[in-house]
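Single-structure report; data block below.
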Amino acid sequence: MEKKKIVLSYILTAGALLLLFLWAANTGSLKVSAKQLFSGLFVAYDENVATIYDLRFPRIFIAMAGGAATAVSGVLLQAVMKNPLADPGIIGVSSGASLTAVLLTAFCPSLYFFTPAAAFLGGLAAFFLVYVLSWKDGLSPLRIILVGVAVNAMFTGLMSAFNSGTGSSYSGAASIVNANITMKTWTDFKTLIGYVVVGLIAAVVVSGQCDLLALEDKTARSIGVSVAKSRMVISVIAVLLAAISTAFIGAISFLGLIVPHIARLLVGSSHKTLVPYSALLGAVVLLLADTVGRTITAPYEISASVIMSVVGGPFFILLLRRSKQGYAK
């Protein structure tokens, strides 16, 4: 991949994120110009800008952080499973994380700050459940997807049953079930961003190992790579990123599938470039989905998860039809 093309992709995507940020900040009844926004933030107090800062900025930044984390999680899972269709939403990691986050939020609200940790444990359990149930003389892409879909449906059903059975009386739990990122605060963002930064740094550190896992296992072992250890470490990082994102924004299907594929077309398959670019593009895609959902039926809203499902479903089918892998194994 040409270096100029990679640099250009980064610049254009960063520019798109900036423009999208300004659009998202002005989506609603209260609007300000870019100049007024900058002045109100850094020069002199502006009541309109202060309102936008308190009410819209946390949602915008949470969408960007959650999008980056979910997208990178998808990249890592695809590397670990050698499956281009792996996605934390499709294979049940996000729904497992959601279920534990919902239960903790509903029954132990005083332990709110431990929600990411609980979601991580739930996501990890779901991932290893899919991995174990899919193993039969090796891993088959078809079995991973089928088992993942079944596990995802089971956890999603349990969450929906809980939400319905309680009359949606737990607003925090309901927001996770419905992937609703309205009414988020700066406290939510500060809690989320700490985990996201750690996870993304760890993902960049192991990006070189992701390239080695693309080799045949025998080849990787012959050059001194501990394949099992690398898979385990990368899997834990992937689940961490998906789980912490899910704990705050709910399960967003297909984001971890779509972004890595688009990113590979733009910056190539080297994970040292792919991982950071996927984080940037993931922030763009989820913020775009959230902003579109706030715009097209205003004053009502469509959640970002619904927007991603509408777009991601056809994309998933297209990938299935175009894939050259043997899914019948």
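The values are calculated or read from the model by the stated rules, or taken from the named source; none is laboratory data. In this text, all values refer to a predicted model and were calculated from it rather than measured experimentally. Neighbour counts are summed over all protein chains in view; Cβ atoms, including those assigned to glycine, are modelled from backbone coordinates with ideal geometry. Accessible surface is based on the protein model in full, side chains and every heavy atom, while ligands, DNA and RNA are left aside. Shrake-Rupley method; radii C 1.70, N 1.55, O 1.52, S 1.80 Å.
Just to confirm, what accessible area per residue do you get for the chain at 1.4 Å probe, in whole Å²? Counting only protein heavy atoms, the per-residue value for the chain is 47 Å². Using the Cβ-Cβ distance between LYS218 and VAL132 with R0 = 25 Å, the FRET efficiency computed as 1/(1 + (r/R0)^6) comes to roughly 0.60. With contributions of -39500 (n - 2.57) from each DSSP H run of at least four residues, the per-residue ellipticity at 222 nm computed over the chain stands at -25000 deg cm²/dmol. Which label marks the calculated value of Rg and Dmax of the Cα atoms in Å, given the options [x] 20.3, 69; [y] 19.8, 66; [z] 18.8, 61? The value computed from this structure is option [y].
Here the Gaussian network model covers the chain, with springs between Cα atoms less than 10 Å apart; of ALA289, ALA161, ALA125, ALA161 fluctuates the most. The Cα atoms of the stretch 23-138 cover 65, 37, 22 Å along the three principal axes, with the biggest extent listed first. In summary, the helical segments of the chain meeting the span-like criteria, namely a full DSSP H run, a Cα extent along the axis of 30 angstrom or more and a mean Kyte-Doolittle hydropathy of at least -1.0, are 3-25, 57-81, 141-165, 227-249, 271-295. Each label was represented as a point 7 Å from its Cα along the Cα-to-Cβ direction; for ASN26 and LEU111 these points are 4.6 nm apart. Which entries of LYS82/LYS218; LYS31/LYS184; LYS5/LYS82; LYS136/LYS272 have Cα-Cα distances beyond 24 Å here? Pairs exceeding the cut-off: LYS5/LYS82; LYS136/LYS272.
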